[in-house]
1. In nm, give the distance between the simple-model label positions of S51 and I257, each being 7 Å from the Cα along the Cα-to-Cβ direction.
2. Once all Cα-Cα distances of the chain are split into 10 Å bins that start at 0, what whole-number percent is in each one?
3. Could you size up the charge dipole of region 161-258 around its Cα centre, putting +1 on the beta carbon of Lys and Arg and -1 on that of Asp and Glu, and report it in debye to the nearest 20?
4. For the chain, what relative contact order do you get, as a whole percent, if you take Cα pairs closer than 8 Å and at least 6 residues apart?
5. Taking the beta-carbon count within 10 Å as an exposure proxy, list W173, W208 from fewest neighbours to most.
6. Given springs between every Cα pair under 10 Å in a Gaussian network model of the chain, which of A297, A259, A73 has the largest fluctuation?
7. Given the options L231, L129, L261, state which has the largest fluctuation in a GNM of the chain using a 10 Å cut-off (strictly under) for Cα springs.
8. By the scheme Lys and Arg +1, Asp and Glu -1, what is the net charge of all other residues having a beta-carbon under 14 Å from that of F48?
Amino acid sequence: MLTARARAQPNIALVKYWGKRDPALNLPERGSLSITLDTLWTQTQVSFDASLGVDHMLLDGRDCPEGLARTSACLDLLRGLAGSHLPARVETHNNFPTAAGLASSASGFAALVVAGSAALGLRLEARELSILARRASGSAARSIFGGFVEMRAGVGADGSDAYAVPVLGAAAWPLCVVVAVTSSQAKTVHSGPGMQLTRRTSPYHAAWLATVDDDLAAARTAIERRDFAALAAVGERSCLAMHADMLASRPALIYWIGATLECIHVIRELREREGVEAFFTVDAGPQVKVVCTPAAASRVAAALGGVVGVQEVLVSGLGGGAHLLGDAGAAA
Ligand code: DP6
């Protein structure tokens, strides 16, 4: 039996990814920029074993038939590279709510690619791991790396230049992320089909895409200068422009609930009235993620915890990239 275990953390995009130029190869229309978390993680063990017959997937100890197709498709890419036809057993565990807009697909596929490739004896560079993770989920390409990470959209038709690159290590600007969980229900429209709907039907889609390159440049400069106010401005405007595009889809994609908007107001007020260094971002779900300085984290957590409808508040620092666990070796 060929086996390996890996751990990866979710990432939160500050400049968002919303739109695919090639759905088959999962190529994004534009780049994106994210931060990788540390206290939330996915741990995955992949074991290739001829006696299994077919692939199996267990999520948090239970059979997960709904996750099997995407997992097998990702394993097929690895098997193709290794010239293997062995079926695999994938056991994966998240220490945070799955499918609730907390980017479990990002950490999940990053961990799967790192564990699966190691189990098959493939010795892949981080860039190749990022490309493989991207094929499974665009945001997963970013979780291969830690700290501040930029996803390059690339221009090639084959996707060989569409991968993530590290921008700045987690320790170089140790920000915090406070997540307000406003609903633990799985989202109704997943990111992939959501993006396709928006791209096809939103009259704002071209306008949204036109914001991304300038926002990436502004975010890079803010990170280089450790300029929190500038990062806050670009982070909030990229999030809101993406949601404007989603809202303009036909039928509309409305990922927010009342508590989402309430959290947004609370964070804007904390910053504008009290000078607290914090800004919000929201993905394809109702949770609110607040990026802040370590000094502001307890203040932000208390404020979000007081919002009616917030069920749980999670606090994380920034962490490293996806890596192997146990005897199998060092970080990817
Ligand atoms: C709103 O990476 O989940 O979180 O490539 O179809 O798997 P697929 O999409 P996914 O999309 C993430 C969208 C987002 C913004 C972001 O993380 O950049």
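Just so it is clear, none of the values below were taken in a lab; they were calculated from the coordinates. The structure displayed is predicted, hence computed values, not measured ones. Counting neighbours? That spans all protein chains shown, and the Cβs are built from the backbone with ideal geometry, glycine included.
1. Using points 7 Å along Cα→Cβ, the separation is 4.5 nm.
2. 6, 28, 36, 23, 7, 1, 0
3. 300
4. 25
5. W173, W208
6. Answer for the Gaussian network model of the chain: A73.
7. Maximum among the listed residues: L261.
8. After counting each charged neighbour, the total is -1.
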